[in-house]
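Remarks on the structure that follows.
The values are calculated or read from the model by the stated rules, or taken from the named source; none is laboratory data. Just so it is clear, the model here is predicted, and its values are computed rather than measured. Don't worry about glycine lacking a Cβ; one is built from the backbone with ideal geometry, like all the others, and counts go over all protein chains shown. What goes into the accessible areas is simple: the full protein's heavy atoms, side chains included, and nothing from ligands, DNA or RNA. Shrake-Rupley method; radii C 1.70, N 1.55, O 1.52, S 1.80 Å.
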Amino acid sequence: MHKVDTRLTIIYDSPYYKAIFEVEDTHNTYKVASVVLGTSSPKLVLIQQLLLGKYYTLNFISQDKSCGSLSPRRTNPKRQQRLVKKLMAKTDCSTQAQEAMRYQHELQREHKKKMKSSAIRQQKLDHFVQKQLKKLEKHKGH
């Protein structure tokens, strides 16, 4: 039997209200999507329109439940103790949805960084080729 749990949480993340959709199923997959609702408190009509009209157009971020966050690094034991102490002092805990969105954001940042560096490399190469053609054009016939 295939069981799917879907949750909608509306939070106030100053200055905006956000709707966070979470979908879990029995195959260890977890999906999350976030929609900014605006600065004023969302009305029931807006939420109903979001559920009925825009639910299937949402961009869900998938994450396997078994995998954690980004690749873990080996840390110094003393540093690890300090980090644990700092985390224990921290009062608010992030939800699984927030961690999944943070993970997706990291992946997007890395992808954007790679694309930008390759675009810059291609631009430099094009500029070099253009200069070489111009140099050859100058010396034609002499």
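How large a share of the accessible area of the chain, in percent, is made up of carbon and sulfur atoms when the probe is 1.4 Å and the other protein chains stay in place?
55 percent
Taking DSSP loops as anything outside H, G, I, E and B, show the longest stretch in the chain free of trypsin sites (Lys or Arg not before Pro) there with at most 13 other beta carbons within 10 Å. Write out the running numbers ahead of the final one.
On the way: sites that count: LYS3, LYS43, LYS54, LYS65, ARG73, ARG74, LYS90, LYS140.
Result for the longest clean stretch: 91-139.
Which label belongs to the value computed from this structure, given these candidates for log10 I(q)/I(0) by the Debye sum over Cα atoms at q = 0.10, 0.19 Å⁻¹: [x] -0.52, -1.58; [y] -0.42, -1.04; [z] -0.60, -1.23?
Correct label, based on the coordinates given: [z].
At 0.36 nm per residue, minus the direct Cα-Cα distance, what do GLN96 and HIS139 gain on full extension? Give it in nm, one decimal, please.
Fully extending the segment from GLN96 to HIS139 adds 9.0 nm.
Report, ordered by chain and residue number, the lysines lying within cross-link reach of LYS78, taken as a straight Cα distance under 20 Å and ignoring same-chain residues fewer than 8 apart.
Filter leaves LYS86, LYS90.
Rounded to the nearest 0.05, what FRET efficiency is calculated for LYS112 and LEU58 with R0 set to 22 Å and r the Cβ-Cβ distance?
0.55
Using unit Cβ charges (K, R positive; D, E negative) and no other charged atoms, how large, in debye to the nearest 20, is the dipole of the chain about its Cα centre? Intermediate values should be presented prior to the final figure.
Values: 28 positive and 12 negative charges, 262 e Å.
Value, rounded to 20: 1260 debye.
Along the charge dipole of the chain, Cβ charges K/R +1 and D/E -1, which of GLN132, VAL23, GLN122 sits furthest on the positive end?
My answer, from the dipole projection, is GLN132.
Whole number in Å², please: accessible area per residue of the chain, 1.4 Å probe, ligands, DNA and RNA not counted.
With all protein chains present, the chain gives 88 Å² per residue.
Pick out which of ILE61, ILE11, ILE20 has the largest mean-square fluctuation in a Gaussian network model of the chain, springs linking Cα atoms closer than 10 Å.
In the Gaussian network model the winner is ILE11.
In deg cm²/dmol and to the nearest 500, what is the mean residue ellipticity at 222 nm of the chain if only DSSP H runs of at least 4 residues count, each as -39500 (n - 2.57), divided by the residue total?
About -16000 deg cm²/dmol.
What is the spin-label model distance, in nm, from ASN28 to LEU51 if the labels are put 7 Å beyond Cα along the C-beta direction?
Taking the simple label geometry, ASN28 and LEU51 are separated by 3.2 nm.
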